[in-house]
Amino acid sequence: MIARRSVWVITLACASLHVAAADEPTAPVAAFRTDWGIQLGPITLTPGGFLEFTSLYRERNETADIGSSFAGIPFPNNNNYYIKEFRQTARNSRLSLLAQGPSDYKFKAEGYVETDFVSAGTTSNANESNSYTQRLRQVYLGWMRPDLGWAVLAGQAWSLVTPYKNGLVARQEDIPLVNDGQYYTGFNWARQTQFRVVKTFSPAVAVGLSLESAQNSLKGNVPTGATASNPGGAGLNSTASYSTDIAPDTILKLALDPGYGHYELYSLTRFLHDRAPNVPGVLSTETSHTTVAQSFGAGLILPLWGNWLELHATTLIGHGNGRYGSAQLSDSTYNTRNGSIAALREQQGLVGLIAHPSATFDVYAYGGLEQQTAAYGLIPADNSACGTNFANLGSLPSTAQCGGVGRVRQIAGGFTWKAYRGPLGYITLGPEIEYVKDTTYIASNGTSAETNNTMVYFTIRYYP
């Protein structure tokens, strides 16, 4: 009797989910719904996610899955520059679960977990079983006092650097319409462990402070005796390098929603740390150094023509902010005078136009830039090795041997069509085309080298 009753409960719950699917919002990229759920005692469980098929083509071979390497395009001195790349993948499919406590109290509590399959263990391959690891995207606890305007978040989530659609509410991030798993050049974001406090003063004003897990992306020659990173130890990837961080990245953001658009201003403060000789090569002069790197950012969503056309923009300018951009330029290098960390100056920006000609059809176009200034020996003597000189094909020189990429530009566009919407959920599909151009630092002889890539995506998503 108990087993039969359990079956009926599950059947009725599943039936209620399918009926509620007809109320799905029109946004074609919504991967999560909050208008229905499964009641489990006092807790409401709301599953979410989608199943995805993506076919992609790249003019230059990056040997990459769903996410492109915007700053890693091969140069003409590499055979991969002349090799096309075609892949099909379902690994961007996503699963999520939101657990919410009762809403009839002054405070609210929730837990959220979100995962996909876009990761690769050190033994993973695509030979037969495609046995890649499952990836943790987000997992966090939230505590809110809506009557007082306070919200606290602890766990892994989108960084507070990421732009939002309204206020500073978790799961309301303004993620571009995109098929590429790396998003777009100039889009500022991260997903990392953090402790965040947000105070909402009114529907129009919110302020947030977030202390987030740090990581310093270094490039350049390491001075003798310097330590700024180490291979992963217990519980970390031994094939990756982890920086010697002593304090969290600190983000302070102001969000304004005056009734016409959404606007953000924020600061990003980082503490880059190493230990190195103050006198190059003299180990007895070793000391610890901490460099404070400061950046400032802004973002907006501006309606241009009612609900038909929107302008989305984000920018981040300052020092040591490379890892917060999709192109993943470096954060810093070494000061060759005393071995301390030198934060690289960088500018990032993304502008997008999104049109909604109908409730089931969205058209989008984006343009982005990430650019940094070289320092302390990163400038190469010349960039001739990046060209078409095949005198030493066996070594296949890398991007770094071409002086290093200092500027990445991208334009992209596509459309998304909600091809089906009914009791079974909905299906979206659409193509996307991207063009990316990489430019090296300007060499001491005044030369620079460029490479480019064109990518075409076609994605189908099913939202149950």
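Exactly one residue among Gly220, Gly235 is at positive phi, surrounded by fewer than 16 Cβ atoms within 10 Å (Cβ to Cβ) and more than 18 Å from the chain's Cα centre (by Cα), and that residue is Gly235.
Please indicate, with yes or no, whether at least one residue in region 149-166 is farther than 25 Å from Leu265 by Cβ, modelled with pLDDT under 95 and either part of a strand (DSSP E or B) or not β-branched (Val, Ile, Thr) (or both). Within region 149-166, none of the residues are farther than 25 Å from Leu265 by Cβ, modelled with pLDDT under 95 and either part of a strand (DSSP E or B) or not β-branched (Val, Ile, Thr) (or both).
Listed by first and then second residue, the pairs linking a residue in region 268-285 that is buried (at least 16 other Cβ atoms within 10 Å of the Cβ) to a residue that is among the aromatic types (Phe, Trp, Tyr) and at pLDDT 90 or above, with Cβ atoms under 9 Å apart and 6 or more places separating them unless they lie on different chains, are Leu268/Phe296; Leu268/Tyr324; Asp274/Tyr334; Ala276/Tyr334. The residue list Ala214, Ala170, Ala157 contains one member that is buried (at least 22 other Cβ atoms within 10 Å of the Cβ) and over 24 Å from Gly430 (Cβ atoms), which is Ala157. Within region 311-359, the set of residues being closer than 17 Å to Ala298 by Cβ, buried (at least 24 other Cβ atoms within 10 Å of the Cβ) and over 16 Å from the mean Cα position of the chain (by Cα) comprises Glu346, Gly352.
The set of residues in region 423-464 that are aliphatic (A, V, I, L, M) and under 25 Å from the mean Cα position of the chain (by Cα) comprises Ile427, Leu429, Ile433, Val436, Met455, Val456, Ile460. With respect to Asp180, determine if the residue is touching a Pro at 6+ places or on another chain (Cβ under 6 Å), in contact (Cβ under 8 Å) with a residue 40 or more places away in the chain and at negative phi. Against the criterion (touching a Pro at 6+ places or on another chain (Cβ under 6 Å), in contact (Cβ under 8 Å) with a residue 40 or more places away in the chain and at negative phi), Asp180 does not qualify.
Restricting attention to region 307-348, the residues that are among the polar types (S, T, N, Q) and assigned to a loop (DSSP other than H, G, I, E, B) total 9. Candidates are the residues of region 45-75 that are within 21 Å of Tyr426 (Cα to Cα), under 19 Å from the mean Cα position of the chain (by Cα) and of a type outside the set (Val, Ile, Thr); the one that is surrounded by the fewest Cβ atoms within 10 Å (Cβ to Cβ) is Gly49. Among the residues of region 294-310, those identified as touching a Leu at 6+ places or on another chain (Cβ under 6 Å) and surrounded by 14 or more Cβ atoms within 10 Å (Cβ to Cβ) are Ser295, Gly297, Ala298. The residues listed here are Tyr435, Tyr426; of these, the one that is touching a helix residue (DSSP H, G or I) at 6+ places or on another chain (Cβ under 9 Å), farther than 23 Å from Ser330 by Cβ and either without any contact (Cβ under 8 Å) to a residue 60 or more places away in the chain or in a strand (DSSP E or B) (or both) is Tyr426. Quick one: is Asn188 touching a residue at least 60 places away in the same chain (Cβ under 8 Å) and farther than 30 Å from Arg58 by Cα? No: the conditions fail for Asn188. Among the residues of region 258-312, those that are modelled with pLDDT under 95 and on the phi > 0 side of the Ramachandran plot comprise Gly259, Gly281, Gly306. The residues of region 227-284 that are touching an Asp or Glu at 6+ places or on another chain (Cβ under 8 Å) and part of a loop (DSSP other than H, G, I, E, B), listed by number, are Ala228, Thr244, Pro248, Asn278.
Looking across region 205-223, just one residue is outside any loop (DSSP other than H, G, I, E, B) and in contact (Cβ under 8 Å) with a residue 60 or more places away in the chain, and that is Leu218.
The values are calculated or read from the model by the stated rules, or taken from the named source; none is laboratory data. Just so it is clear, the structure is predicted and the values come from calculations on it, not from any experiment. Here the Cβ is made from the backbone with ideal geometry for all residues, glycine too, and neighbour counts use every protein chain on show.
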